[in-house]
Amino acid sequence: MFSPSGKPKVSHGHSDSTRGRADDDSSTPGRVETAAATIFVSETFLSRQGEGKLTGTSSFFIRTSGCNLRCWFCDTPYASWKPTGEMISVDSLVQSAVASGVKHVVLTGGEPLLAANFEPLVHALQAADLHVTIETAGTIAKPTACDLLSLSPKLSGSTPDPGEHPRWSRLHEQRRMPLPIMRELIRAAKAFQLKFVIGEKLQFEELLHVTESLGVPTEDVFVMPQATTVQALDAAEAWLRPWTESVGFQYCDRMQIRWYGNRRGT
């Protein structure tokens, strides 16, 4: 499962070829056979979940390529700003997940709900008796009875600079916070967690407004620092953890960075 160094073995990597783009709008899937259904995938890999309720759980990750948002701090630009990958069949992805030997699968991105065959993939994974976590920004109305919805609402500080990226700044701001869609996704999931990325104290009030608007229990809210190095994580924890715990939320470290560094396949 893991190499002697403690780092995860990568099952597949699909970043070298670009065979399509899925970087703008969602589409509605029809009834499809999984043998013919394909997903635009950036990479798949075996690792440990580094964030949220299942931190430390060995998991098979399927990272779809393409996103309808453009967070300026995105740490997977190869699946958002410049989405690359290849089309892989749903059947092949399920086979790889089963062959990994773990029971937890994480669908991440990019934005996995953007994929036309996202729902057939979820259903096929669950039919294989696998626990499915969906990591999403919650902007696309595809409510699915996943085992864990990991919803990451994008606060206003995530919007890219309008001078450098005028089109994406406008689209990102328009799309980032559809609260009715988020409520729909939460209702459909078997369990859920909210994960917020915080870069400064000025974002506290906005975070509280979102959680109150969604009406979620405080124990299901995880707050993590906007950081990609161990040093930055440590510095942010000093001011972010006290506030997080004072309002009853869960402080969320980014353990994959501590375990493996900020790199692909983790």
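In this structure, is Thr244 surrounded by 13 or more Cβ atoms within 10 Å (Cβ to Cβ) and either of a type in the set (S, T, N, Q) or within 29 Å of Tyr78 (Cβ to Cβ) (or both)? For Thr244, the condition - surrounded by 13 or more Cβ atoms within 10 Å (Cβ to Cβ) and either of a type in the set (S, T, N, Q) or within 29 Å of Tyr78 (Cβ to Cβ) (or both) - is met.
Within the stretch 60-113, the set of residues being on the phi > 0 side of the Ramachandran plot and assigned to a loop (DSSP other than H, G, I, E, B) comprises Gly66, Gly101, Gly110. In a loop (DSSP other than H, G, I, E, B) and either touching a Phe, Trp or Tyr at 6+ places or on another chain (Cβ under 8 Å) or under 17 Å from Ile186 (Cβ atoms) (or both) - does that describe any residue in the stretch 234-248? No, because not a single residue in the stretch 234-248 is in a loop (DSSP other than H, G, I, E, B) and either touching a Phe, Trp or Tyr at 6+ places or on another chain (Cβ under 8 Å) or under 17 Å from Ile186 (Cβ atoms) (or both). For the stretch 114-135, taking the residues that are assigned to a loop (DSSP other than H, G, I, E, B) and surrounded by fewer than 24 Cβ atoms within 10 Å (Cβ to Cβ), the one that is modelled with the lowest pLDDT is identified as Ala116.
Checking each residue in the stretch 136-145 for being crowded, with 23+ Cβ neighbours inside 10 Å and either over 16 Å from Gly52 (Cα atoms) or of a type in the set (A, V, I, L, M) (or both) picks out Ala137, Gly138, Thr139.
The set of residues in the stretch 252-266 that are of a type outside the set (D, E, K, R) and either open to solvent by 30 Å² or more (accessible area, probe 1.4 Å) or farther than 13 Å from Gln226 by Cα (or both) comprises Met255, Gln256, Trp259, Tyr260, Gly261, Asn262, Gly265, Thr266. Scanning the stretch 217-234 for residues being open to solvent by 60 Å² or more (accessible area, probe 1.4 Å) and not polar (S, T, N, Q) gives a total of 2. For Ile140, the conditions (1) in contact with a Pro (Cβ under 7 Å, 6 or more places away or on another chain); (2) assigned to a loop (DSSP other than H, G, I, E, B); (3) touching a residue at least 40 places away in the same chain (Cβ under 8 Å) are fulfilled apart from (1). Whether a residue is in a helix (DSSP H, G or I) and within 22 Å of Tyr78 (Cα to Cα) was assessed, and Gln256 passes this test.
The values are calculated or read from the model by the stated rules, or taken from the named source; none is laboratory data. These numbers were taken from a predicted model, which means no experiment stands behind them. Counting neighbours? That spans all protein chains shown, and the Cβs are built from the backbone with ideal geometry, glycine included. Heads up: the accessible areas ignore ligands, DNA and RNA and are worked out on the full protein's heavy atoms, side chains in. Shrake-Rupley method; radii C 1.70, N 1.55, O 1.52, S 1.80 Å.
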